[in-house]
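Working notes for the structure below.
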Amino acid sequence: MSSSQIADYYEVLQVSPRADSETIERVFRHLAKRYHPDNQDSGDANKFSQLVEAHTVLSDPEQRASYDVNYERVRESRWKLFDQKSANSEIVTDTRVRLGILSLLYVARRNNVLEPGVGLMELERVLSVPDSTIQFQVWYLKENNWIERLATGMWAITAAGVDKLFDLGGPAKEGPYLLHQGEAQEEQSPHHS
């Protein structure tokens, strides 16, 4: 399996990449009981096989360390939002940061609906933008009721935020551009026949 196709074992086990070995073991046991093929109510042989594979790697310190090296690189490239062109436009950049925040919070909510929180430092790290940019965008998203602060101090997407995310094109997709290349020049230059 190439690094671009690396399985997300943390997602399979529904744990944070920062989860300790006890948490991984506890969650694995819980999910293994649920998806074991002998469980007539919720058994799923394919899901169980994925869980065992994820547990094998993440419960072994050496295998996990090796996995984490590739996982971080793939994970960050998956969320890479900026290229040189977008850096020149604050509007496009702000739209992409908002889309990135909503996408990350959406994924967190989908992965764990009961504990969906993501902290500001994690948003800043994954999106590779300064704290001041994250603070402004979080304020903006909160004022529009698209995200909320949880009792834990973490941030989570709201139902209105999910709707807004899909209005913008869905998770991890490029947001709409307000101007297409060349439009500004066409509007400013007079038309001669």
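Data for the structure
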read-out	value
Matching residues, segment 99-144, being over 12 Å from the mean Cα position of the chain (by Cα), crowded, with 18+ Cβ neighbours inside 10 Å and not β-branched (Val, Ile, Thr)	Gln137, Leu141
Subset of segment 139-167 that is of a type in the set (A, V, I, L, M, F, W, C) and under 15 Å from Arg96 (Cβ atoms) - its residue that is modelled with the highest pLDDT	Leu141
Selection within segment 10-22 - surrounded by 13 or more Cβ atoms within 10 Å (Cβ to Cβ) and out of contact with any Leu (no Cβ under 9 Å at 6 or more places or on another chain)	Glu11, Ser16, Pro17
Residue count for segment 110-128, restricted to those that are among the aliphatic types (A, V, I, L, M), touching a helix residue (DSSP H, G or I) at 6+ places or on another chain (Cβ under 6 Å) and not in a helix (DSSP H, G or I)	1
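The values are calculated or read from the model by the stated rules, or taken from the named source; none is laboratory data. Computed from a predicted model, the values in this text were never measured in an experiment. Here Cβ is always computed from backbone atoms with ideal geometry, including for glycine, and neighbour counts include all displayed protein chains.
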